[in-house]
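As structure tokens, the structure follows; a few thoughts come after it.
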Amino acid sequence: MTAYTVRTEDRIRETERARLRALVAADMVAAKPLHAEAFQLITPNGLALSRDEYLGAIAAGQINYCAWEPGDIAVRLYGSAAVIRYRARLEVIFNGQAVPSGEYWHTDAYEYRDGIWMVVWSQATATGARP
């Protein structure tokens, strides 16, 4: 593994952590540029949300992340694209209803566009484990 690869993988990890901090803080100014215009999230219950639907729901308080604590983030780099995978503990309030704290696997596809890494696809899967 080259130094370039390690630095790039670390930059992608930090971008994901910054994205998660922005989502927990409902900071759309910070979050929006980290999500590609064609971003799509597949939620643990199979709902597909576009970038505007997802970020709009967070901005409106319909999705309120209380905590999003990622574990180690694995990165597979493919030139100007990367796939990341990690397990995280989430606490979220969805439409005013607290979802029990739980563990989720996250798989995200990133692309390097306009000088930054941004997420284009994201999928979360519940593990069934409760802390």
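Below are the figures for this structure:
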{"quantity": "Checklist (1) exposed (fewer than 14 other Cβ atoms within 10 Å of the Cβ); (2) without any contact (Cβ under 8 Å) to a residue 24 or more places away in the chain; (3) within 26 Å of THR8 (Cβ to Cβ) applied to GLY46, failing item", "calculated": "(3)"}
{"quantity": "Among (1) in contact (Cβ under 8 Å) with a residue 12 or more places away in the chain; (2) surrounded by fewer than 16 Cβ atoms within 10 Å (Cβ to Cβ); (3) touching a strand residue (DSSP E or B) at 6+ places or on another chain (Cβ under 7 Å); (4) not small (Gly, Ala, Ser) - the single one ARG76 does not satisfy", "calculated": "(1)"}
{"quantity": "Options TYR65, TYR110, TYR86; residue that is over 20 Å from ASP10 (Cα atoms) and either aromatic (Phe, Trp, Tyr) or not in a strand (DSSP E or B) (or both)", "calculated": "TYR65"}
{"quantity": "Unmet criterion (only one of (1) among the basic types (Lys, Arg); (2) farther than 20 Å from TYR104 by Cα; (3) buried (at least 19 other Cβ atoms within 10 Å of the Cβ)) for ARG19", "calculated": "(2)"}
{"quantity": "Pairs where the first residue, in the stretch 27-38, is touching a residue at least 60 places away in the same chain (Cβ under 8 Å) and the second is not in a strand (DSSP E or B), C-beta under 6 Å, 6+ apart", "calculated": "LEU34/ARG19; HIS35/ARG51"}
{"quantity": "Every residue from the stretch 22-47 that is closer than 11 Å to SER122 by Cβ, in contact with a helix residue (DSSP H, G or I) (Cβ under 8 Å, 6 or more places away or on another chain) and either assigned to a strand (DSSP E or B) or among the aromatic types (Phe, Trp, Tyr) (or both)", "calculated": "HIS35, ALA36, PHE39, GLN40, LEU41"}
{"quantity": "Single residue of VAL99, VAL75 found to be assigned to a strand (DSSP E or B), hydrophobic (A, V, I, L, M, F, W, C) and more than 26 Å from THR8 (Cα to Cα)", "calculated": "VAL99"}
{"quantity": "Scan of the stretch 1-26 for residues that are in contact (Cβ under 8 Å) with a residue 24 or more places away in the chain and either of a type in the set (S, T, N, Q) or in contact with a Leu (Cβ under 7 Å, 6 or more places away or on another chain) (or both), ordered by number", "calculated": "THR5, THR8, GLU9, THR15, ARG19"}
{"quantity": "Residues of the stretch 54-72 classified as within 22 Å of ILE84 (Cβ to Cβ) and either surrounded by fewer than 15 Cβ atoms within 10 Å (Cβ to Cβ) or of a type outside the set (A, V, I, L, M, F, W, C) (or both), total", "calculated": "7"}
{"quantity": "Selection count, the stretch 79-131, where residues are under 16 Å from GLU16 (Cα atoms), of a type in the set (D, E, K, R) and either surrounded by 15 or more Cβ atoms within 10 Å (Cβ to Cβ) or touching a residue at least 24 places away in the same chain (Cβ under 8 Å) (or both)", "calculated": "5"}
{"quantity": "Given (1) more than 21 Å from SER101 (Cα to Cα); (2) of a type outside the set (Phe, Trp, Tyr); (3) modelled with pLDDT under 95, index of the condition ASP27 fails", "calculated": "(3)"}
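The values are calculated or read from the model by the stated rules, or taken from the named source; none is laboratory data. This is a predicted model, so every value here is computed, not measured. FYI the Cβ positions are ideal-geometry reconstructions off the backbone, even for glycines, and counts take in every protein chain you see.
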